[in-house]
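Let me begin by presenting the structure, written as C-alpha coordinates, before commenting on it.
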Amino acid sequence: MDDPNRFMNQSSLKISFLETFDTYNDAIFRFCLVKTSNKELAEDLTQETFMRYWQSLSDGKEMSHTRSFLYTIANNLVIDWYRKKKSASLDALSDEGFDPEDTQLLSVQKQAEFEEVLSTIADLEEKDKEVLLLRFVEGLNPRDIALMHDETVNAVSVRISRALEKVQKKLHV
Amino acid sequence: MTDKNTTEYLERLKSVSMPSSVKARMRDELSSYADFHAPAAATSTKTSFGPNYFFDLLSRNMGVALVVLLLIGTGSVSLFADRLLTGGVPQSPAVDGPDADTLDAVAPMYMEIESPSAEPSAAPALMYSKSTEAGSADTKMVPRMQSAEQLPLLIRIQDAEDRIARAKSALAQSSALSGEDKAEYVARLDSAAKLIADAHALAANGSQSIETQEHAESLLEQGLTLTILVEDSTGI
(Lines give C-alpha, C1' and ligand atoms only; values in the text may rest on other atoms or scores of the structure.)
Protein backbone atom coordinates (compact mmCIF):
# COMPACT_ATOMS: atom_id res chain seq x y z
CA MET A 1 0.00 0.00 0.00
CA ASP A 2 1.25 3.46 -0.76
CA ASP A 3 2.07 5.17 2.46
CA PRO A 4 1.12 8.84 2.45
CA ASN A 5 4.23 9.61 4.43
CA ARG A 6 6.31 8.27 1.57
CA PHE A 7 5.23 11.20 -0.49
CA MET A 8 5.82 13.70 2.24
CA ASN A 9 9.18 15.31 1.94
CA GLN A 10 11.37 15.80 4.95
CA SER A 11 10.18 19.35 5.42
CA SER A 12 6.44 18.68 5.49
CA LEU A 13 6.89 15.63 7.70
CA LYS A 14 8.92 17.67 10.13
CA ILE A 15 6.34 20.45 10.14
CA SER A 16 3.65 17.91 10.93
CA PHE A 17 5.82 16.46 13.69
CA LEU A 18 6.44 19.85 15.29
CA GLU A 19 2.73 20.68 15.09
CA THR A 20 2.04 17.46 16.96
CA PHE A 21 4.58 18.53 19.57
CA ASP A 22 2.94 21.95 19.91
CA THR A 23 -0.47 20.33 20.32
CA TYR A 24 0.35 17.58 22.80
CA ASN A 25 3.50 18.59 24.68
CA ASP A 26 1.61 19.88 27.72
CA ALA A 27 -0.64 16.84 27.85
CA ILE A 28 2.29 14.44 27.74
CA PHE A 29 4.18 16.53 30.28
CA ARG A 30 1.20 16.48 32.69
CA PHE A 31 0.87 12.75 32.20
CA CYS A 32 4.54 12.18 33.06
CA LEU A 33 4.47 14.68 35.90
CA VAL A 34 1.47 13.11 37.60
CA LYS A 35 3.06 9.68 37.28
CA THR A 36 6.53 10.67 38.47
CA SER A 37 6.04 13.79 40.63
CA ASN A 38 9.34 15.01 39.25
CA LYS A 39 9.49 17.99 36.96
CA GLU A 40 12.89 17.38 35.36
CA LEU A 41 12.14 13.73 34.81
CA ALA A 42 8.76 14.59 33.32
CA GLU A 43 10.44 17.00 30.90
CA ASP A 44 13.00 14.40 29.87
CA LEU A 45 10.34 11.76 29.37
CA THR A 46 8.23 14.18 27.35
CA GLN A 47 11.14 14.86 25.04
CA GLU A 48 11.98 11.18 24.75
CA THR A 49 8.34 10.42 23.93
CA PHE A 50 8.42 12.79 20.96
CA MET A 51 11.77 11.44 19.80
CA ARG A 52 10.29 7.94 19.70
CA TYR A 53 7.28 9.34 17.90
CA TRP A 54 9.55 10.91 15.27
CA GLN A 55 11.32 7.58 14.79
CA SER A 56 7.99 5.97 13.99
CA LEU A 57 7.01 8.78 11.65
CA SER A 58 10.31 8.67 9.83
CA ASP A 59 9.91 4.93 9.36
CA GLY A 60 6.89 5.79 7.24
CA LYS A 61 4.29 4.68 9.74
CA GLU A 62 0.91 6.33 9.59
CA MET A 63 -0.65 7.27 12.91
CA SER A 64 -4.40 7.29 13.05
CA HIS A 65 -4.52 7.66 16.84
CA THR A 66 -1.65 10.01 17.50
CA ARG A 67 -2.63 11.02 21.00
CA SER A 68 -3.22 7.47 22.23
CA PHE A 69 0.04 6.44 20.65
CA LEU A 70 1.92 9.23 22.44
CA TYR A 71 0.41 8.26 25.81
CA THR A 72 1.35 4.63 25.20
CA ILE A 73 4.95 5.59 24.52
CA ALA A 74 5.05 7.90 27.54
CA ASN A 75 3.54 5.29 29.83
CA ASN A 76 6.06 2.66 28.80
CA LEU A 77 8.92 5.11 29.21
CA VAL A 78 7.77 5.90 32.75
CA ILE A 79 7.62 2.20 33.61
CA ASP A 80 11.00 1.54 32.03
CA TRP A 81 12.59 4.41 33.86
CA TYR A 82 11.48 3.08 37.20
CA ARG A 83 12.59 -0.40 36.36
CA LYS A 84 16.02 0.74 35.23
CA LYS A 85 16.60 2.97 38.18
CA LYS A 86 15.38 0.33 40.62
CA SER A 87 14.06 3.21 42.60
CA ALA A 88 11.16 3.44 44.94
CA SER A 89 7.68 2.65 43.76
CA LEU A 90 5.40 5.37 42.52
CA ASP A 91 3.49 5.13 45.77
CA ALA A 92 6.64 5.63 47.79
CA LEU A 93 7.52 8.66 45.73
CA SER A 94 4.10 10.05 46.30
CA ASP A 95 4.53 9.52 50.04
CA GLU A 96 7.66 11.63 49.90
CA GLY A 97 5.46 14.46 48.73
CA PHE A 98 5.44 16.70 45.74
CA ASP A 99 7.45 19.86 46.10
CA PRO A 100 5.64 22.64 44.32
CA GLU A 101 8.65 24.91 44.72
CA ASP A 102 10.54 22.56 42.51
CA THR A 103 8.18 22.90 39.60
CA GLN A 104 8.32 26.68 39.17
CA LEU A 105 5.39 26.22 36.86
CA LEU A 106 2.59 28.23 38.29
CA SER A 107 1.50 30.96 40.58
CA VAL A 108 1.60 30.15 44.28
CA GLN A 109 -2.16 29.62 44.35
CA LYS A 110 -2.13 27.34 41.32
CA GLN A 111 0.79 25.38 42.72
CA ALA A 112 -1.09 24.87 45.96
CA GLU A 113 -4.14 23.66 44.07
CA PHE A 114 -2.05 21.30 41.99
CA GLU A 115 -0.33 19.92 45.08
CA GLU A 116 -3.67 19.38 46.77
CA VAL A 117 -5.14 17.48 43.84
CA LEU A 118 -1.99 15.43 43.41
CA SER A 119 -1.93 14.46 47.08
CA THR A 120 -5.60 13.53 46.87
CA ILE A 121 -5.07 11.09 44.06
CA ALA A 122 -1.64 9.94 45.26
CA ASP A 123 -3.00 6.92 47.11
CA LEU A 124 -4.99 5.68 44.17
CA GLU A 125 -3.77 2.77 42.10
CA GLU A 126 -1.63 3.82 39.16
CA LYS A 127 -4.27 2.85 36.63
CA ASP A 128 -6.99 4.71 38.54
CA LYS A 129 -4.82 7.80 38.68
CA GLU A 130 -4.09 7.46 35.00
CA VAL A 131 -7.69 7.05 33.85
CA LEU A 132 -8.79 10.05 35.90
CA LEU A 133 -6.09 12.17 34.33
CA LEU A 134 -6.84 10.98 30.83
CA ARG A 135 -10.61 11.31 31.20
CA PHE A 136 -11.07 14.52 33.13
CA VAL A 137 -7.89 16.48 32.50
CA GLU A 138 -6.99 15.46 28.96
CA GLY A 139 -10.55 14.80 27.83
CA LEU A 140 -10.00 11.38 26.25
CA ASN A 141 -13.10 9.29 25.86
CA PRO A 142 -13.31 5.77 27.36
CA ARG A 143 -12.85 4.22 23.92
CA ASP A 144 -9.45 5.89 23.43
CA ILE A 145 -8.38 4.92 26.95
CA ALA A 146 -9.52 1.35 26.34
CA LEU A 147 -7.38 1.21 23.21
CA MET A 148 -4.35 2.38 25.17
CA HIS A 149 -4.84 -0.08 28.02
CA ASP A 150 -5.96 -2.99 25.91
CA GLU A 151 -9.18 -3.17 27.92
CA THR A 152 -12.84 -3.08 27.00
CA VAL A 153 -14.70 0.22 27.03
CA ASN A 154 -16.94 -1.10 29.79
CA ALA A 155 -13.97 -2.01 31.96
CA VAL A 156 -12.52 1.46 31.52
CA SER A 157 -15.86 3.12 32.31
CA VAL A 158 -16.18 1.09 35.49
CA ARG A 159 -12.61 1.95 36.47
CA ILE A 160 -13.26 5.66 35.93
CA SER A 161 -16.44 5.49 37.99
CA ARG A 162 -14.77 3.67 40.88
CA ALA A 163 -11.74 5.96 40.84
CA LEU A 164 -14.06 8.94 40.96
CA GLU A 165 -15.84 7.47 43.97
CA LYS A 166 -12.51 7.00 45.75
CA VAL A 167 -11.62 10.65 45.17
CA GLN A 168 -15.02 11.73 46.47
CA LYS A 169 -14.53 9.67 49.62
CA LYS A 170 -11.12 11.19 50.21
CA LEU A 171 -12.49 14.66 49.79
CA HIS A 172 -15.25 14.00 52.32
CA VAL A 173 -12.82 12.75 54.98
CA MET B 1 -19.40 16.44 46.76
CA THR B 2 -21.10 15.70 43.46
CA ASP B 3 -19.51 14.07 40.44
CA LYS B 4 -19.44 17.42 38.72
CA ASN B 5 -17.57 19.07 41.58
CA THR B 6 -15.13 16.19 41.74
CA THR B 7 -14.35 16.40 38.06
CA GLU B 8 -13.95 20.15 38.34
CA TYR B 9 -11.58 19.53 41.20
CA LEU B 10 -9.51 17.18 39.06
CA GLU B 11 -9.59 19.61 36.16
CA ARG B 12 -7.39 21.94 38.17
CA LEU B 13 -4.52 19.86 36.84
CA LYS B 14 -5.18 21.33 33.41
CA SER B 15 -3.41 24.49 34.49
CA VAL B 16 -0.09 22.66 34.70
CA SER B 17 2.16 23.18 31.73
CA MET B 18 5.81 23.39 30.88
CA PRO B 19 7.45 26.80 31.05
CA SER B 20 7.69 28.53 27.66
CA SER B 21 11.48 28.53 27.77
CA VAL B 22 11.54 24.76 28.28
CA LYS B 23 9.07 24.24 25.44
CA ALA B 24 11.13 26.41 23.10
CA ARG B 25 14.34 24.59 23.98
CA MET B 26 12.69 21.20 23.60
CA ARG B 27 11.19 22.20 20.27
CA ASP B 28 14.59 23.29 18.97
CA GLU B 29 16.19 20.06 20.10
CA LEU B 30 13.45 17.96 18.53
CA SER B 31 13.77 19.95 15.32
CA SER B 32 17.50 19.25 15.21
CA TYR B 33 16.85 15.61 16.05
CA ALA B 34 14.37 15.39 13.18
CA ASP B 35 16.91 16.91 10.79
CA PHE B 36 19.57 14.49 11.90
CA HIS B 37 17.31 11.44 11.69
CA ALA B 38 15.75 12.16 8.32
CA PRO B 39 13.15 9.70 7.06
CA ALA B 40 14.67 7.14 4.74
CA ALA B 41 11.75 7.07 2.31
CA ALA B 42 11.69 10.82 1.92
CA THR B 43 15.39 11.13 1.25
CA SER B 44 15.50 8.20 -1.12
CA THR B 45 12.66 9.53 -3.25
CA LYS B 46 13.85 13.10 -3.13
CA THR B 47 14.23 14.58 -6.59
CA SER B 48 16.05 17.74 -7.42
CA PHE B 49 16.06 19.57 -10.68
CA GLY B 50 19.48 21.09 -10.35
CA PRO B 51 21.94 21.68 -13.16
CA ASN B 52 23.10 18.06 -13.15
CA TYR B 53 19.63 16.55 -13.17
CA PHE B 54 19.59 15.85 -16.89
CA PHE B 55 22.97 14.16 -16.79
CA ASP B 56 22.00 12.13 -13.75
CA LEU B 57 18.94 10.95 -15.62
CA LEU B 58 21.08 10.00 -18.60
CA SER B 59 23.48 7.97 -16.49
CA ARG B 60 20.71 6.16 -14.61
CA ASN B 61 18.44 5.30 -17.47
CA MET B 62 20.42 5.73 -20.63
CA GLY B 63 18.15 3.69 -22.87
CA VAL B 64 14.91 5.48 -22.06
CA ALA B 65 16.65 8.84 -22.11
CA LEU B 66 17.98 8.18 -25.60
CA VAL B 67 14.51 7.31 -26.85
CA VAL B 68 13.14 10.50 -25.31
CA LEU B 69 15.91 12.50 -26.96
CA LEU B 70 15.19 10.90 -30.29
CA LEU B 71 11.48 11.64 -30.00
CA ILE B 72 12.04 15.22 -29.00
CA GLY B 73 14.44 15.61 -31.91
CA THR B 74 11.94 14.29 -34.43
CA GLY B 75 8.93 16.11 -32.94
CA SER B 76 7.00 12.88 -32.39
CA VAL B 77 6.32 13.03 -28.68
CA SER B 78 2.59 13.65 -28.92
CA LEU B 79 2.08 11.00 -31.58
CA PHE B 80 4.03 8.46 -29.60
CA ALA B 81 2.01 9.26 -26.49
CA ASP B 82 -1.21 8.73 -28.43
CA ARG B 83 -0.05 5.28 -29.42
CA LEU B 84 0.88 4.40 -25.88
CA LEU B 85 -2.50 5.44 -24.54
CA THR B 86 -4.21 3.16 -26.97
CA GLY B 87 -2.10 0.25 -25.88
CA GLY B 88 1.06 0.71 -27.88
CA VAL B 89 -0.46 -1.03 -30.83
CA PRO B 90 -0.76 0.86 -34.12
CA GLN B 91 -4.53 1.38 -34.05
CA SER B 92 -4.76 5.04 -35.01
CA PRO B 93 -5.17 6.12 -38.59
CA ALA B 94 -2.04 6.28 -40.66
CA VAL B 95 0.22 9.09 -39.57
CA ASP B 96 0.98 11.59 -42.22
CA GLY B 97 4.36 13.14 -42.66
CA PRO B 98 7.93 12.07 -42.31
CA ASP B 99 7.65 11.23 -38.57
CA ALA B 100 5.64 8.08 -39.10
CA ASP B 101 8.64 5.99 -40.00
CA THR B 102 10.56 7.17 -36.98
CA LEU B 103 7.63 6.33 -34.76
CA ASP B 104 7.33 2.81 -36.08
CA ALA B 105 11.05 2.30 -35.63
CA VAL B 106 11.14 3.59 -32.08
CA ALA B 107 7.98 2.04 -30.63
CA PRO B 108 9.30 -1.55 -30.56
CA MET B 109 12.50 -0.30 -28.91
CA TYR B 110 10.48 1.34 -26.15
CA MET B 111 8.50 -1.81 -25.54
CA GLU B 112 11.67 -3.85 -25.20
CA ILE B 113 13.16 -1.45 -22.72
CA GLU B 114 10.09 -1.23 -20.52
CA SER B 115 8.93 -4.82 -20.58
CA PRO B 116 11.07 -7.30 -22.46
CA SER B 117 8.91 -10.28 -21.58
CA ALA B 118 5.46 -8.68 -21.64
CA GLU B 119 3.01 -9.04 -24.43
CA PRO B 120 3.08 -5.74 -26.28
CA SER B 121 -0.67 -5.45 -26.66
CA ALA B 122 -1.65 -6.38 -23.10
CA ALA B 123 0.73 -4.82 -20.63
CA PRO B 124 0.59 -1.17 -21.70
CA ALA B 125 -3.18 -1.30 -21.97
CA LEU B 126 -3.40 -2.31 -18.32
CA MET B 127 -0.83 0.19 -17.22
CA TYR B 128 -2.53 3.13 -18.85
CA SER B 129 -6.11 2.07 -18.44
CA LYS B 130 -6.81 4.75 -15.84
CA SER B 131 -5.96 7.40 -18.42
CA THR B 132 -8.40 6.03 -20.91
CA GLU B 133 -12.13 5.63 -20.71
CA ALA B 134 -13.51 3.25 -18.08
CA GLY B 135 -13.75 -0.27 -19.38
CA SER B 136 -12.72 -3.84 -18.89
CA ALA B 137 -9.08 -2.90 -18.40
CA ASP B 138 -10.01 -0.92 -15.31
CA THR B 139 -12.00 -3.76 -13.81
CA LYS B 140 -9.08 -6.09 -14.37
CA MET B 141 -6.75 -3.69 -12.66
CA VAL B 142 -8.60 -3.53 -9.32
CA PRO B 143 -7.86 -7.01 -7.95
CA ARG B 144 -4.23 -6.67 -8.94
CA MET B 145 -3.93 -3.45 -6.94
CA GLN B 146 -5.67 -4.96 -3.93
CA SER B 147 -3.34 -7.91 -3.72
CA ALA B 148 -0.33 -5.66 -4.14
CA GLU B 149 -1.55 -3.43 -1.31
CA GLN B 150 -2.38 -6.20 1.12
CA LEU B 151 0.75 -8.23 0.68
CA PRO B 152 3.27 -5.87 2.31
CA LEU B 153 0.99 -5.28 5.32
CA LEU B 154 0.47 -9.00 5.86
CA ILE B 155 4.18 -9.60 5.52
CA ARG B 156 4.93 -6.87 8.04
CA ILE B 157 2.35 -8.34 10.38
CA GLN B 158 3.97 -11.77 10.00
CA ASP B 159 7.36 -10.20 10.70
CA ALA B 160 5.97 -8.56 13.81
CA GLU B 161 4.51 -11.84 15.02
CA ASP B 162 7.87 -13.54 14.47
CA ARG B 163 9.59 -10.71 16.26
CA ILE B 164 7.37 -11.08 19.32
CA ALA B 165 7.96 -14.83 19.35
CA ARG B 166 11.72 -14.26 19.23
CA ALA B 167 11.49 -11.64 22.01
CA LYS B 168 9.53 -14.03 24.22
CA SER B 169 12.03 -16.78 23.62
CA ALA B 170 14.94 -14.46 24.43
CA LEU B 171 13.15 -13.27 27.58
CA ALA B 172 12.63 -16.83 28.74
CA GLN B 173 16.34 -17.55 28.33
CA SER B 174 17.53 -14.29 29.87
CA SER B 175 19.30 -14.63 33.19
CA ALA B 176 19.70 -10.90 33.75
CA LEU B 177 16.06 -10.32 34.61
CA SER B 178 14.15 -11.34 37.71
CA GLY B 179 11.08 -13.52 37.43
CA GLU B 180 8.83 -10.58 38.22
CA ASP B 181 10.42 -8.44 35.53
CA LYS B 182 10.13 -11.25 33.02
CA ALA B 183 6.46 -11.66 33.81
CA GLU B 184 5.87 -7.94 33.33
CA TYR B 185 7.66 -7.86 29.99
CA VAL B 186 5.91 -11.02 28.81
CA ALA B 187 2.58 -9.40 29.69
CA ARG B 188 3.52 -6.38 27.57
CA LEU B 189 4.53 -8.64 24.70
CA ASP B 190 1.18 -10.38 25.03
CA SER B 191 -0.53 -7.00 24.71
CA ALA B 192 1.55 -6.31 21.62
CA ALA B 193 0.68 -9.74 20.22
CA LYS B 194 -3.01 -9.06 20.76
CA LEU B 195 -2.82 -5.75 18.88
CA ILE B 196 -0.99 -7.42 16.02
CA ALA B 197 -3.45 -10.31 15.98
CA ASP B 198 -6.25 -7.75 15.64
CA ALA B 199 -4.30 -6.10 12.82
CA HIS B 200 -3.90 -9.50 11.17
CA ALA B 201 -7.62 -10.18 11.37
CA LEU B 202 -8.38 -6.83 9.75
CA ALA B 203 -5.69 -7.14 7.08
CA ALA B 204 -6.77 -10.64 6.13
CA ASN B 205 -10.27 -9.39 5.39
CA GLY B 206 -10.49 -9.26 1.61
CA SER B 207 -13.27 -6.67 1.46
CA GLN B 208 -11.62 -4.14 3.70
CA SER B 209 -12.12 -0.41 3.32
CA ILE B 210 -9.37 2.17 3.42
CA GLU B 211 -10.36 3.01 7.00
CA THR B 212 -10.06 -0.64 8.01
CA GLN B 213 -6.68 -0.83 6.36
CA GLU B 214 -5.55 2.28 8.21
CA HIS B 215 -6.83 0.85 11.47
CA ALA B 216 -4.86 -2.34 10.85
CA GLU B 217 -1.76 -0.26 10.12
CA SER B 218 -2.31 1.66 13.34
CA LEU B 219 -2.71 -1.51 15.41
CA LEU B 220 0.40 -2.99 13.85
CA GLU B 221 2.29 0.18 14.62
CA GLN B 222 1.22 0.20 18.25
CA GLY B 223 2.04 -3.48 18.66
CA LEU B 224 5.45 -3.00 17.12
CA THR B 225 6.18 -0.01 19.33
CA LEU B 226 5.35 -2.00 22.45
CA THR B 227 7.64 -4.78 21.24
CA ILE B 228 10.49 -2.41 20.46
CA LEU B 229 10.17 -0.75 23.86
CA VAL B 230 10.44 -4.15 25.54
CA GLU B 231 13.47 -5.01 23.41
CA ASP B 232 15.11 -1.69 24.24
CA SER B 233 14.43 -2.05 27.94
CA THR B 234 15.64 -5.60 28.28
CA GLY B 235 18.46 -5.52 25.76
CA ILE B 236 17.24 -8.73 24.14
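Could you check the stretch A:41-62 and list, in sequence order, the residues that are without any contact (Cβ under 8 Å) to a residue 12 or more places away in the chain and within 15 Å of the chain's Cα centre (by Cα)?
Scanning the stretch A:41-62 gives A:Asp44, A:Gln47.
B:Glu217 passes all but one of (1) facing chain A (nearest Cβ under 9 Å); (2) within 26 Å of A:Glu151 (Cβ to Cβ); (3) surrounded by fewer than 20 Cβ atoms within 10 Å (Cβ to Cβ); which number fails?
(3)
Report whether or not A:Leu124 is modelled with pLDDT of 85 or more, surrounded by 18 or more Cβ atoms within 10 Å (Cβ to Cβ) and more than 9 Å from every other protein chain (Cβ to nearest Cβ).
no
Restricting attention to the stretch A:47-56, and to residues there that are crowded, with 22+ Cβ neighbours inside 10 Å and more than 7 Å from every other protein chain (Cβ to nearest Cβ), which single residue is farthest from B:Arg25 (Cα to Cα)?
Step by step, filter the stretch A:47-56, then rank; the result is A:Tyr53.
Mind counting the residues in the stretch B:172-197 that are of a type in the set (Lys, Arg) and closer than 26 Å to B:Glu214 by Cα?
The total comes to 2.
Could you check how many residues of the stretch B:216-236 are touching a helix residue (DSSP H, G or I) at 6+ places or on another chain (Cβ under 6 Å) and either over 23 Å from A:Trp81 (Cβ atoms) or of a type in the set (A, V, I, L, M, F, W, C) (or both)?
8
Grab the helices (runs of 4 or more DSSP H) fully contained in the stretch A:1-114, keeping just those with 2 or more residues being at pLDDT 90 or above.
Helices (runs of 4 or more DSSP H) meeting the threshold: A:10-36, A:39-58, A:66-85.
Is one or more of the residues making up the stretch B:198-206 touching a Gly at 6+ places or on another chain (Cβ under 6 Å), farther than 21 Å from A:Arg83 by Cβ and in contact (Cβ under 8 Å) with a residue 12 or more places away in the chain?
No; the residues of the stretch B:198-206 include none that is touching a Gly at 6+ places or on another chain (Cβ under 6 Å), farther than 21 Å from A:Arg83 by Cβ and in contact (Cβ under 8 Å) with a residue 12 or more places away in the chain.
Criterion first (more than 8 Å from every other protein chain (Cβ to nearest Cβ) and within 28 Å of B:Leu226 (Cβ to Cβ)) does A:Val158 satisfy it?
Criteria met by A:Val158.
Which condition does B:Lys194 not pass, out of (1) of a type in the set (Lys, Arg); (2) away from chain A (no Cβ under 12 Å); (3) out of contact with any helix residue (DSSP H, G or I) (no Cβ under 6 Å at 6 or more places or on another chain), if it passes all the others?
(2)
State whether the residues of the stretch B:202-214 include one that is closer than 25 Å to A:Met51 by Cα and modelled with pLDDT of 80 or more.
no
Quickly run through the stretch A:127-146 and pick out the residues that are under 12 Å from the mean Cα position of the chain (by Cα), crowded, with 19+ Cβ neighbours inside 10 Å and more than 12 Å from A:Val34 (Cβ to Cβ).
Listed by number, the residues that qualify are A:Arg135, A:Leu140, A:Ile145.
The values are calculated or read from the model by the stated rules, or taken from the named source; none is laboratory data. Just so it is clear, the model here is predicted, and its values are computed rather than measured. Because the Cβ atoms are built from the backbone with ideal geometry, glycine has one as well, and the counts that use them run over all protein chains shown.
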